[in-house]
Every structure is written in structure tokens, then in C-alpha cells.
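A.B. asks: Got a structure for you, written out below as C-alpha cells; questions coming shortly.
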Amino acid sequence: EPEVTQTPSHQVTQMGQEVILRCVPISNHLYFYWYRQILGQKVEFLVSFYNNEISEKSEIFDDQFSVERPDGSNFTLKIRSTKLEDSAMYFCASSGLGGYGYTFGSGTRLTVV
Amino acid sequence: AQTVTQSQPEMSVQEAETVTLSCTYDTSESDYYLFWYKQPPSRQMILVIRQEAYKQQNATENRFSVNFQKAAKSFSLKISDSQLGDAAMYFCAYRAAGGTSYGKLTFGQGTILTVHP
């Protein structure tokens, strides 16, 4: 069964450093998403991406965040200057037309120290 | 804005018994999708069951079934013959079928399910 692959599974970074979280969506999917889950809390939408541009973003997704699909296969989330409160699990997801096959990756646990 | 509410922070059930997890949502849309996701300790998001709002028939997947009440905006999950492997956090989620928020999932706060042997 096709999978969404996220790397790394766990990343520890110093406060103020830039991090890039990587995702390989399912190959024939057209819509890509990032979600965040602070430990013990609900999963929150960050951003959706379609046709090489952001289609929607939440209030969490401020100027410190950016997304990119640099090479037609990877989908990345960059946090420019990490804060302690950015520590969370970050999930990538992708879906096909009509939302078909909406699939989550296994997540990247980001720890900011 | 759409909201999803899970009013049961924790639930418990005896192995082999049946448990129902509650979810209500608020939307002005007429066409949408509802989901239940399971999140075990590994924190992976696993789709349990999906319901299209235009379908009157409640979705079922083996031991998992839903009670979808569109007028009441209620979407509960019933787990029959509970197994130890069902223990996890369960999230209810909503997705619009179209419009500007197409694709975005809105999640509830989650319900921790404990299964006792």
C-alpha cells in the first residue's frame, strides 16, 4: 500500500535554529498538507498546498513557516527560527482528487531546546 | 468556522464489550466528510472509518461502526467486541467537500480509550 514518508522521525534543535522537515507524498497525489500536534493536544492544521502554491493556511502558519515542493517529489516544511513552543509532532499528509486516499505520514517529532 | 467537539476526554471498556465514543460538529456546509482516526502510542494517525454526509447509511468497517445523525450534527463511533489493541487516542475529524477549505481536516480534542482485560 502506498505510504507518505517523513524524515527524520525525530529531530532535536537549538532554539533560534532553522529546521527543515521532509515528506515524500504518495506519487499520484495532488494535495499536500502539514499538521502539528503538541504533546497531549489535538491535531492542528497548518497549511495545504496544491498546484505549487499554498491553498490555505492557519493562523499558526506565520512568517516563520514556509513550504516548498522543490523537485516534484519532496514536500518540505521550514521553520526559520525555532522557538521552544514549536516542539511538537509534525505530520505530513497527501490526497488525490476529491480528497481520495487522504494519507498521513508517521510524523516527525521536533524537540526545540 | 467549522468546529469539532469530543466531550469525553477518557473512556474505558472491558475486553469483548462494546463502547461508544461521541463527537459533535458545527458547520454550515451541506456536503462534507467525517472521519474517525486512531492514534496509538506510536502517534501514527490511522484512519478507522469515513462517512460521506450525503449518504444516509451509516458506515461500518468490521467491528467499527458509526451513528451519523446529520440534523443533530452528531457522529459517534461504536467499537464492538473491544480488543486490547483498540486502546489508543481516537480523534473525530471533519473535512468540507468543496470550497476554500477543501482538504483541510478539523480535529476534535480526542478521547483516550483504555481497554481492560
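A.B. asks: Output the number of the condition that B:S76 fails; it satisfies all remaining conditions of (1) away from chain A (no Cβ under 14 Å); (2) open to solvent by 70 Å² or more (accessible area, probe 1.4 Å).
C.D. replies: (2)
A.B. asks: Among (1) open to solvent by less than 20 Å² (accessible area, probe 1.4 Å); (2) farther than 21 Å from A:F45 by Cβ; (3) not in a strand (DSSP E or B), which single condition is B:L113 missing?
C.D. replies: B:L113 satisfies all of (1) open to solvent by less than 20 Å² (accessible area, probe 1.4 Å); (2) farther than 21 Å from A:F45 by Cβ; (3) not in a strand (DSSP E or B) except (3).
A.B. asks: Right, here's the next one. I'm checking my understanding of the structure. Among residues of the stretch B:83-110 that are over 19 Å from B:L47 (Cβ atoms) and small (G, A, S), which one is most open to solvent (accessible area, probe 1.4 Å)?
C.D. replies: Narrowing the stretch B:83-110 to residues over 19 Å from B:L47 (Cβ atoms): B:84, B:98-101.
Still in the list and also small (G, A, S): B:98-99, B:101.
Numbers: B:G98: 32, B:G99: 66, B:S101: 28 Å².
Of everything passing the filter in the stretch B:83-110, B:G99 is most open to solvent (accessible area, probe 1.4 Å).
Condition check ((1) of a type in the set (S, T, N, Q); (2) more than 8 Å from every other protein chain (Cβ to nearest Cβ); (3) closer than 24 Å to A:P2 by Cα; (4) touching a helix residue (DSSP H, G or I) at 6+ places or on another chain (Cβ under 7 Å)) across all residues:
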{"site": "A:L39", "(1), (2), (3), (4)": "no, yes, no, no"}
{"site": "A:F45", "(1), (2), (3), (4)": "no, no, yes, no"}
{"site": "A:N51", "(1), (2), (3), (4)": "yes, yes, yes, no"}
{"site": "A:D62", "(1), (2), (3), (4)": "no, yes, no, no"}
{"site": "A:F65", "(1), (2), (3), (4)": "no, yes, no, no"}
{"site": "A:N74", "(1), (2), (3), (4)": "yes, yes, yes, no"}
{"site": "A:S81", "(1), (2), (3), (4)": "yes, yes, no, no"}
{"site": "A:G96", "(1), (2), (3), (4)": "no, yes, yes, no"}
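A.B. asks: Wholly within the stretch A:7-113, which strands (runs of 3 or more DSSP E) include no fewer than the required count, namely at least 1 residues that are buried (at least 18 other Cβ atoms within 10 Å of the Cβ) and under 15 Å from the mean Cα position of the chain (by Cα)?
C.D. replies: A:19-24, A:31-37, A:44-50, A:65-68, A:75-79, A:88-95, A:108-112
A.B. asks: For the stretch B:69-76, does any single residue satisfy the condition of being under 23 Å from A:T5 (Cβ atoms), in a strand (DSSP E or B) and at pLDDT 95 or above?
C.D. replies: No, every residue in the stretch B:69-76 fails to be under 23 Å from A:T5 (Cβ atoms), in a strand (DSSP E or B) and at pLDDT 95 or above.
The values are calculated or read from the model by the stated rules, or taken from the named source; none is laboratory data. All figures in this text were calculated on a predicted structure; none of them were measured in a lab. Every residue, glycine among them, receives a Cβ derived from its backbone with ideal geometry; neighbour counts consider all protein chains shown. SASA here: full protein model, heavy atoms, side chains in, ligands and nucleic acids out. Shrake-Rupley method; radii C 1.70, N 1.55, O 1.52, S 1.80 Å.
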